[in-house]
Amino acid sequence: MQKIHKELEKLASISACPTPSVTRIVFSEQDAKAREYFIGLCTDIGLKVRTDAVGNTFCRWEGKNKDLPAIGTGSHIDAIPESGMYDGTVGVFGGLEAIRYLMEMGYEPERSIEVLMFTSEEPTRFGIGCLGSRMLCGQLSPEEALKFKDFDGRGLAELLERFDFDGTLDEVKMGNDYYDAFVEFHIEQGPILEKEGLDIGIVTKIAAPSSLRVSLIGQGGHAGAVLMDKRRDAGCAAAEISLAVERIAKESTSPDTVATTGILDIKPRAVNSIPKEAYLEIDLRDTDLEVRDKALEDLKQEIEEICKRRNIESTVELINKDSPAICETKLIDAVEAATKELGLTSKKMISRAYHDSLFMAQVCPTTMIFIPCRDGISHHADEYSTPEQIEKGVKTLALTLKTLSSK
Ligand code: GLV
Ligand code: MN
Ligand code: MN
């Protein structure tokens, strides 16, 4: 099982920033190159590759019974700015490695097995995560997706022009009988498995993410000439909102509430000019939907109060407000059986990060396989899982796919 490590290294070099950080934004030149690299590896071993109109890429190892719903696995290869080389990628290249492992074993699946490389799990370009899987499960319509604008004001239709994807956006939504099961392999992105010295995490639930976009308009002016009591500083309002985000999460009744102001921009951004505009993107999550929604409402109210007090115009836009996913017991059991067969230790756990599986769970039975990552670090250049940890994950995935595809 040596190929995957070299392939992940090669993939990490297809990046818009110097190593060890990785930046690979969906529909960028790097994304195009990385897709081409992965598709080449799949066709090398005889997988049948097709794309849908948004670029979700299905790499199929045909089973003996082609008419049966297939077994899916996969993840994403897009990477947020200056992140690491394992988030998503171990699930895509690990899916391929698992198929190669099963092929070498001489196994012949009854059901087809497919590695699915999703388009844009990360929200970097359009501010919303899981573009491909949202469309696959029908949560996001083509009409809504076509309205998105990226950081340069470009829309989806324009960005898709450089790619030769198949079909139309109307055809992306998948039927509930397309997959019999979906299993995503991913790094944990948290510290639990490493701390407890365990090999594998088996995901039972995926937390409910939500995000807000807040635009503020105040009054710009000269930093020396405008006295403090005359100011309508949009930057100060943004700073106060950002602190409210932190406080609301900390004061929540649930230790699982987490909230982050990941983007905070001010304009015109000159040291001797009062910020006249500010823009924030806020991420707020919990494993419990009610608690998450309460925090979201508290935050909206707080933003209104801050802006009223500071005489700032505000526009608050809800980008997404997703439900948690509950994983399928039958699949959790299949993964657990695979770990036992391999003599690995495991535990059932919640995923606090979101994944394409959050949406796949709406169209088919789903679970995830986690492996430890060093110090729980992710979305950072220091993200790391050892070759041994990755191999244990791939083997667990392979045996799970074998069980699920054999009948
Ligand atoms: C996924 O990348 C997330 O932010 O949870
Ligand atoms: Mn990520
Ligand atoms: Mn990921």
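The table that follows gives values for the structure above.
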{"quantity": "Hey, Lys340 of a type outside the set (A, V, I, L, M), modelled with pLDDT under 95, open to solvent by 10 Å² or more (accessible area, probe 1.4 Å) and more than 16 Å from ligand 3 (Cβ to nearest atom) or not", "calculated": "no"}
{"quantity": "Some residue of segment 351-372 being surrounded by fewer than 14 Cβ atoms within 10 Å (Cβ to Cβ) and touching a Pro at 6+ places or on another chain (Cβ under 9 Å)", "calculated": "no"}
{"quantity": "Any hit, segment 303-310, residues being closer than 19 Å to Tyr354 by Cβ, surrounded by 17 or more Cβ atoms within 10 Å (Cβ to Cβ), not assigned by TED's automatic domain parsing to the domain that holds Leu131 and not β-branched (Val, Ile, Thr)", "calculated": "no"}
{"quantity": "Total residues in segment 106-138, condition in contact (Cβ under 8 Å) with a residue 12 or more places away in the chain and away from ligand 1 (no atom under 16 Å from the Cβ)", "calculated": "14"}
{"quantity": "When residues of segment 98-127 are limited to those that are under 13 Å from the mean Cα position of the chain (by Cα) and surrounded by 24 or more Cβ atoms within 10 Å (Cβ to Cβ), the one farthest from Arg213 (Cα to Cα)", "calculated": "Met117"}
{"quantity": "Check on Asp382, open to solvent by 40 Å² or more (accessible area, probe 1.4 Å) and in a helix (DSSP H, G or I)", "calculated": "no"}
{"quantity": "Evaluation of Gly201 against (1) out of contact with any Ser or Thr (no Cβ under 9 Å at 6 or more places or on another chain); (2) surrounded by 16 or more Cβ atoms within 10 Å (Cβ to Cβ) (one fails), failing number", "calculated": "(1)"}
{"quantity": "Residue that is farthest from Glu122 (Cα to Cα), among those in segment 268-288 that are free of Cβ contacts under 8 Å to residues at least 60 places away in the same chain and open to solvent by 60 Å² or more (accessible area, probe 1.4 Å)", "calculated": "Asn272"}
{"quantity": "Segment 103-143, residues that are acidic (Asp, Glu), more than 14 Å from ligand 2 (Cβ to nearest atom) and under 27 Å from Pro324 (Cβ atoms)", "calculated": "Glu114, Glu143"}
{"quantity": "Test: residue in segment 89-102 that is within 9 Å of ligand 3 (Cβ to nearest atom) and either of a type in the set (D, E, K, R) or assigned by TED's automatic domain parsing to the domain that holds Ile263 (or both)", "calculated": "no"}
{"quantity": "Qualifying positions in segment 320-353 - within 16 Å of ligand 2 (Cβ to nearest atom) and of a type in the set (S, T, N, Q)", "calculated": "Asn320, Ser351"}
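The values are calculated or read from the model by the stated rules, or taken from the named source; none is laboratory data. Computed from a predicted model, the values in this text were never measured in an experiment. As a convention, Cβ positions derive from the backbone with ideal geometry for all residues, glycine included, and neighbour counts pool all protein chains shown. The protein model used for the area step is the full one, side chains on, heavy atoms only, and it has no ligands, DNA or RNA in it. Shrake-Rupley method; radii C 1.70, N 1.55, O 1.52, S 1.80 Å.
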